[in-house]
Structure formats: C-alpha cells, structure tokens
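These notes concern the structure reproduced below.
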Amino acid sequence: MRIPEQMIAIEIENGVLKPAKRTIPTPSANQVLIKVAAAGVNRPDVMQRKGLYPPPPGASDIPGLEVAGTIIALGSDISHLHEGDRVCALVTGGGYAKYCLASAALCLPVPEGLSFTQAAALPETFFTVWSNVFDRAQLQPGETLLVHGGASGIGTTTIQLAKAFNAKVIVTTGSEAKCEFCLQLGADAAINYKEQDFVDEIKRLTDNKGVDVILDMIGGDYFPRNLKCMADDARLVQIAIQNGPKAEINLLPVMLKRLTITGSTLRARDDTFKAAIASKLLEKAWPLLASGQIKPVIHSTFALTDVAKAHQLMESSRHIGKIILTV
C-alpha cells in the first residue's frame with residue numbers, strides 16, 4: 001500500500017486543539033504504523049491540552065492514547081503481525097491523527113464482531129482496569145468493589161469486568177440516570193453522590209463491614225471518606241485526582257484494619273510492563289468481548305476535526321461511557 005507523505009493530525013497550541021499537517025512517521029524495528037479509523041478521547045488528553053500532563057520523553061506531542069485501525073507498515077523485527085491486520089492499540093501519544101505509530105507488543109486484534117469505533121474504546125480503559133483492579137488490588141470472586149465514577153469509560157468497563165469475574169460491584173455517580181444505567185449494566189448498587197452520603201450508603205449496603213477494593217479517580221476529599229468505607233484488609237487504588245492531590249489521612253484505621261493504599265499511572269510505564277497486561281487481556285477479557293458477554297459503552301462519536309466538541313463533552317461529565325473520534 002502506498003503511504004502518503006503527510007497526514008492531518010490534531011496539535012495543541014496554547015491550550016487549543018487545531019488540525020495541522022504532519023509528516024507521517026516511520027515505524028522503528030518494534031513498531032507498526034496504523035491507518036487510524038477511530039481514536040478514544042480520555043481525561044488525560046484534556047489534562048495534556050491544559051498543560052497539566054505533558055507526554056513522557058520520546059512520546060508524540062499529538063494527544064490521543066488509544067486507536068483502532070489497519071496496520072499498513074511494520075518494523076523489521078515484527079513477525080506476529082501483518083499488513084492489513086485489524087488492531088486496536090494503546091499508545092503514549094499520537095492517536096488524534098490519520099496515522100499513528102504503536103508498539104507491536106501493545107496491539108491487540110479487534111475482537112470478533114466489533115467495529116473499529118467500538119475497538120477504539122477498549123485499550124486505555126481495559127489496560128487501566130486490569131492493571132489496577134486485578135493486578136494491583138487482586139480483586140477476588142465474591143469480594144465487594146466500590147467504583148467512583150461508575151458511569152465513566154473506566155467505570156463502565158470496571159463494572160462489566162468485575163461482574164464477569166464474580167465480584168459484587170457498588171458505584172457512585174452524579175445523577176439518577178447514570179445510577180440506573182450502571183444498574184442495568186450489572187452493578188449491584190448505585191449511589192447518587194449528589195443526593196446521598198456514599199459513606200453512609202456503603203455502611204448500609206455492607207452491614208457495616210465495608211468494601212474490599214476501591215477504585216478511585218477522584219482523590220482529594222474523597223480519600224478520608226474512602227478509608228471509612230474499607231473493610232479489614234481492604235485495598236484502595238488511586239488512578240486519578242480530579243478533586244486534587246492532597247488529603248488528610250488518619251493512620252489509625254490504616255493500622256487497625258490493615259489497609260493497603262496504592263495507585264498508579266499507566267502512560268509512562270515501559271512497553272514490557274504494558275505488554276504483560278496486553279497478554280492477560282487477550283487471554284481473559286477478549287473472549288468475553290467476542291462472545292458479547294461484555295461490550296464497550298460508547299456515548300458519542302465526533303469527527304477528528306470536531307475534537308474540541310469532544311473535549312467539551314468530556315469536561316461537562318454529561319456522558320456515560322466513552323467518547324470516540326472517527327477518522
């Protein structure tokens with residue numbers, strides 16, 4: 001396939017997203033070049049646009065952390081992928097473009113029956129959820145998981161994966177409509193944090209026992225409240241800090257209940273770490289997607305050049321599930 005020399009990509013200029021012409025990159029020995037059909041929009045992209053989350057060294061300055069499309073060129077060391085393969089990929093940047101480089105180790109096949117638009121909704125959330133809920137927090141069948149932001153892309157993915165592996169799931173959301181959606185998706189209980197105190201509700205729902213795992217993307221003043229929701233030997237995983245990075249901590253319950261507090265960011269981790277997650281997803285989660293047992297939840301799609309509208313929707317928090325750019 002003949003590859004053109006230039007492409008349309010989205011640049012950030014003084015906090016504004018603008019289409020621009022860029023030279024199409026050439027894959028290194030362990031990379032592939034993907035002709036992008038769709039790309040996911042994520043909160044880290046919004047933070048990058050605002051200057052709060054710069055790309056790691058060596059990453060593209062073009063935003064976008066996940067893509068789906070067709071491989072059109074391969075590096076010299078790649079044998080397990082081929083030109084024409086339909087893949088989705090986790091990338092460190094460059095997704096908001098017509099062509100994108102990806103590490104071959106972080107490419108996964110588009111699950112059977114899914115479109116490129118659906119596949120573009122998978123990498124960022126599925127890698128994040130698997131790494132944090134199943135690897136770091138070691139969620140077990142029969143345990144209770146609390147997910148803050150249950151109607152987000154991360155939240156809707158977590159509900160489905162946790163239920164598929166026989167955990168109980170409680171979520172918090174900001175509206176009755178979002179609560180109802182999460183319940184229909186499989187959550188065992190949903191708390192409208194604008195109308196109810198989630199600490200009181202967790203105590204009621206668990207007969208004062210508390211939850212075993214918390215996945216939190218809020219931070220700030222949620223942190224001390226999370227400690228009150230945790231059962232003995234519970235684990236809290238912090239993956240974002242929408243309410244800020246600082247909180248007051250009472251160490252006594254941490255000691256008395258033997259709590260584990262951890263957290264992570266994914267973007268800056270090396271390909272070896274991410275490839276291990278990809279392998280687990282291919283084995284554990286991809287068959288569930290192919291069978292239809294779980295599915296990506298997509299709220300809206302926008303054309304690549306309408307990316308500013310996609311970011312406005314993301315910042316409004318009106319959406320349920322993922323926002324996707326189509327190329």
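Probe of 1.4 angstrom, ligands and nucleic acids ignored: what's the accessible area per residue over the chain, in square angstrom?
Values: 14380 Å² over 327 residues.
For the chain, the solvent-accessible area averages 44 Å² per residue.
Roughly to the nearest percent, how much of the accessible area of the chain is carbon and sulfur, given a 1.4 Å probe?
On the way: 7200 of 14380 Å².
It is 50 percent, rounded to a whole number.
Let me check something: with ligands and nucleic acids excluded, how do R136, R235, R204, R225 order by accessible area (1.4 Å probe), largest to smallest? Please report the intermediate quantities before stating the final value.
Working: R136 100, R235 35, R204 145, R225 70 Å².
Accessible-area ranking of R136, R235, R204, R225, largest first: R204, R136, R225, R235.
How fast does the range 105-190 diffuse by Stokes-Einstein, in µm²/s, taking the Kirkwood radius from C-alpha pairs at 20 °C and 1.002 mPa s? Can you show the working numbers first?
Working: Rh = 13.4 Å.
The estimated diffusion coefficient comes to 160 µm²/s.
222 nm [θ] for the chain, helices only, -39500 (n - 2.57) per DSSP H run of 4+, per residue, to 500?
Working: 11 runs with 92 residues, N = 327.
Calculated mean residue ellipticity at 222 nm is -7500 deg cm²/dmol.
Normalise the Cα radius of gyration of the chain by 2.2 N^0.38 Å (N = residues in it) and let me know the number.
Values: Rg = 19.7 Å, N = 327, 2.2 N^0.38 = 19.9 Å.
That works out to 0.99 for the chain.
Considering all projection directions equally, how large on average is the shadow of the alpha-carbon convex hull of the range 21-140, in square nanometres?
Details: hull surface 34.3 nm².
Convex hull of Cα atoms, orientation-averaged projection: 8.6 nm².
So what's the range 137-263 giving for Rg/Rh, alpha carbon basis, Kirkwood Rh from the mean inverse pair distance? Display every interim value, and only then the final one.
On the way: Rg = 13.3 Å, Rh = 14.3 Å.
Rounded to two decimals, Rg/Rh equals 0.93.
Taking the range 199-325, how much of its Cα-Cα pair set, in percent, is spaced more than 24 angstrom apart? Before the final figure, lay out the partial values.
On the way: 4151 of 8001 pairs.
Within the range 199-325, distances greater than 24 Å cover 52 percent of Cα pairs.
Which angle between 0 and 90 degrees, to the nearest 10, do you get for helix 271-284 versus the longest principal axis of the chain when only C-alpha atoms count?
70 degrees
Which values, in whole Å and largest first, are the semi-axes of the equivalent ellipsoid of the range 103-152 obtained as the square root of 5 times each eigenvalue of the Cα gyration tensor? List each step's numbers first, then the result.
Numbers: eigenvalues 119, 40, 22 Å².
Gyration-tensor ellipsoid for the range 103-152: 24, 14, 11 Å.
Over the range 137-263, what is the mean sequence separation of C-alpha contacts under 8 Å (at least six apart), divided by residue count, expressed as relative contact order in percent?
Working: 260 pairs, mean separation 27.1, N = 127.
The value is 21 percent.
The values are calculated or read from the model by the stated rules, or taken from the named source; none is laboratory data. Note that the structure is predicted; figures quoted are calculated from it, not measured. Heavy atoms of the whole protein, side chains included, go into the accessibility calculation; ligands, DNA and RNA do not. Shrake-Rupley method; radii C 1.70, N 1.55, O 1.52, S 1.80 Å.
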